[in-house]
Each structure stands twice: as structure tokens, then as C-alpha cells.
Amino acid sequence: RERRRKFILLSHSMDLLQLFGIWVSCMQISLLALPLSLVNQWRLRGSSHGFSVIQLLIPIPIQICWLRYGYLTVDMLMITTNVILLATSIAYLFIFIYYLPDKSTIVKEVSIMCAVIILLMIYVSIHPHNEQANIMGKIAPLVQNTRIMGAAHQLKDIIDKKTTEFLPYQMPFVMCAFISQNALYSFLAEKSPVVWASIPGLFFNFTFLIMYIVYPPKTWRVPIIGTGKKITAGEKKE
């Protein structure tokens with residue numbers, strides 16, 4: 001009876017953990033809606049010229065690396081999530097290219113990205129099969145943290161200008177909520193590569209929230225934190 005009771009408790013805890021993992025994956029997939037505002041701007045302008053393609057290119061190798069890691073560790077939730085993320089990221093990239101007048105530069109950038117991905121996959125494949133998951137588990141967080149370069153540049157820009165005027169509040173709030181829950185789930189599910197990959201993202205997004213207090217925006221007010229320009233009664237009516 002005691003063994004049966006322990007088995008039932010373990011089964012229930014696993015069910016809760018799986019539900020938590022599904023919730024985190026749904027949150028991650030919902031973040032795919034964020035670039036839709038950019039797509040709308042490209043459509044209205046009739047061109048994507050002047051917009052940075054880096055933020056569209058970086059997610060693709062990250063998602064491919066985690067997809068390979070999920071395949072090697074037989075993690076169906078990770079595989080499903082990253083297949084959806086990868087398909088959507090590629091779709092956004094194609095839309096960007098469609099609205100781009102001069103496509104010569106983007107062809108070179110996409111070619112470089114593909115070459116890097118192929119080299120990474122070959123590097124993992126030349127190792128014995130029983131070592132590949134461990135190696136991919138080290139490479140995936142490193143590739144994911146290439147996003148740090150963009151975050152570090154944005155943080156430097158805030159400090160130089162002494163304002164968070166050009167940092168939309170939605171991203172730090174949403175990313176803090178997502179990354180913290182993803183890190184917690186990965187810790188409970190014993191997915192240490194994902195936990196380590198989450199630390200830099202948490203650091204930068206929490207730092208951005210602190211920046212709203214240290215260097216508040218000049219023409220708008222930050223929700224929840226309450227820093228920045230005070231909205232008058234007349235402005236509320238408008």
C-alpha cells in the first residue's frame with residue numbers, strides 16, 4: 001500500500017509538471033505574435049527597408065539547436081514547441097525579404113546563417129551518438145545567448161541617452177514572466193542546459209525594468225512601475 005501511495009503521488013506530481021511544461025510552451029508560442037506589429041508597418045510602408053533583420057535571423061539557429069537537442073533527448077514537448085517556433089520565424093523572415101527592395105545583402109546574411117547552422121550540426125554529428133545530446137546541450141545555450149549582444153547594445157544606449165524613452169515596456173515585462181517560468185520548469189524537469197541559458201535573459205530583462213526607475217521615459221508613463229511622465233486629466237480624455 002505504501003509503495004502504491006508513493007507511486008500515485010509521483011504520478012500526480014509528474015502530471016502537474018507536464019501541465020506546467022505545456023503552459024510554458026504555450027507562453028513561448030504566444031510570443032510569436034509580437035513581430036506582427038512590424039509586419040503591419042512593412043505592409044503600410046510597402047517596404048521593410050531600414051528595419052534590422054538581425055532580430056529575425058538570430059532565433060532560427062537557436063530554435064534549430066534546441067530542436068536537435070529535443071530530438072536527441074527524445075523530448076516531444078521541446079520538439080513540438082521548436083517546430084512551431086521555427087516555422088513561424090522562417091515565415092517572418094520570408095515576409096521581411098518579400099518587402100525588401102534590395103535583396104542582395106539579405107541573401108548573403110541568410111547564406112552565412114545557414115553555413116553556421118550546417119557546421120554546428122556537422123560538429124555534433126561527428127561525435128559518438130551517446131555523446132551528442134551532451135554536446136548539443138552545451139552548444140544550444142551558447143547559441144541562444146548570442147541574443148545578449150543585442151540586449152547589451154540596448155542597455156548601453158539607455159545609459160548613454162539616460163532615458164528608457166525608446167524601450168517599449170511590453171517586452172521586458174513579458175520576457176521576465178516567460179523566462180522565469182521557463183527556468184523554473186526546466187529546473188524542476190532537470191533540464192540544466194535550458195536553466196543556464198535562461199540566466200542572461202533574466203539578468204538583462206530585470207535590468208531593463210530597473211532602468212525604467214533609474215532613467216524613466218520622458219514622454220510616457222511606465223505601467224505598474226509608475227515612472228515617467230505623469231498623465232494629466234486632459235491627456236486621459238484625449
Study note, to complete from the structure: In region 36-55, anything outside any helix (DSSP H, G or I) and within 30 Å of ALA189 (Cα to Cα) is listed as none
Exercise for review: With the condition kept exactly as written, say whether any residue in region 31-50 is modelled with pLDDT under 75 and either more than 30 Å from PRO101 (Cβ to Cβ) or β-branched (Val, Ile, Thr) (or both).
Suggested key: no
**Study point:** Close pairs (8 angstrom Cβ cut-off, 6 or more residues apart or separate chains): farther than 14 Å from GLY70 by Cβ in region 117-135, modelled with pLDDT under 90 and surrounded by fewer than 16 Cβ atoms within 10 Å (Cβ to Cβ) anywhere
**Key:** none
Exercise for review: Would you check which residues across region 56-103 are of a type in the set (Ser, Thr, Tyr), in a loop (DSSP other than H, G, I, E, B) and closer than 22 Å to LEU142 by Cβ and list them?
Suggested key: THR73
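Return the only residue of ILE159, ILE199 being part of a helix (DSSP H, G or I), β-branched (Val, Ile, Thr) and more than 22 Å from ILE60 (Cα to Cα). Walk me through it before giving the result.
Working: ILE199 fails: more than 22 Å from ILE60 (Cα to Cα).
So the residue among ILE159, ILE199 that is part of a helix (DSSP H, G or I), β-branched (Val, Ile, Thr) and more than 22 Å from ILE60 (Cα to Cα) is ILE159.
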Check your understanding: All but one of (1) of a type in the set (A, V, I, L, M); (2) within 14 Å of ARG147 (Cβ to Cβ); (3) free of Cβ contacts under 8 Å to residues at least 12 places away in the same chain hold for ILE60; which doesn't?
Key -> (3)
Exercise for review: Give the residues of region 162-190 that are without any contact (Cβ under 8 Å) to a residue 40 or more places away in the chain, over 23 Å from VAL214 (Cα atoms) and in a loop (DSSP other than H, G, I, E, B), sorted by residue number.
Suggested key: GLU190
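For region 190-203, name all the residues that are buried (at least 17 other Cβ atoms within 10 Å of the Cβ) and touching a helix residue (DSSP H, G or I) at 6+ places or on another chain (Cβ under 6 Å). Reasoning before the result, please.
We begin by selecting, within region 190-203, every residue buried (at least 17 other Cβ atoms within 10 Å of the Cβ); these are 191, 193-198, 200-201.
Matches in region 190-203: PRO193, VAL194, VAL195, TRP196, ALA197, SER198, PRO200, GLY201.
Condition check ((1) surrounded by fewer than 10 Cβ atoms within 10 Å (Cβ to Cβ); (2) under 17 Å from GLN41 (Cβ atoms)) across all residues:
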residue: ILE90; (1), (2): no, no
residue: ILE95; (1), (2): no, yes
residue: TYR98; (1), (2): no, yes
residue: THR105; (1), (2): no, no
residue: ILE118; (1), (2): no, no
residue: SER125; (1), (2): no, no
residue: PRO128; (1), (2): yes, no
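I'm checking my understanding of the structure. Among residues of region 25-57 that are of a type in the set (S, T, N, Q) and touching a residue at least 40 places away in the same chain (Cβ under 8 Å), which one is farthest from MET149 (Cα to Cα)? Steps first, please.
Going through region 25-57, the residues of a type in the set (S, T, N, Q) turn out to be 25, 28, 30, 37, 40-41, 47-48, 52, 55.
Right, trim to touching a residue at least 40 places away in the same chain (Cβ under 8 Å) and you get 25, 28, 47-48, 55.
Numbers: SER25: 25, GLN28: 21, SER47: 26, SER48: 23, GLN55: 11 Å.
Checking each candidate, the answer is SER47.
Which residue, of THR146, THR73, is at pLDDT below 90 and either polar (S, T, N, Q) or over 21 Å from the mean Cα position of the chain (by Cα) (or both)?
Working: THR73 fails: at pLDDT below 90.
Going through THR146, THR73 in turn, the sole match is THR146.
The values are calculated or read from the model by the stated rules, or taken from the named source; none is laboratory data. These numbers come from a predicted model, not from an experiment. All Cβ positions, glycine included, derive from the backbone under ideal geometry; neighbour counts span all protein chains shown.
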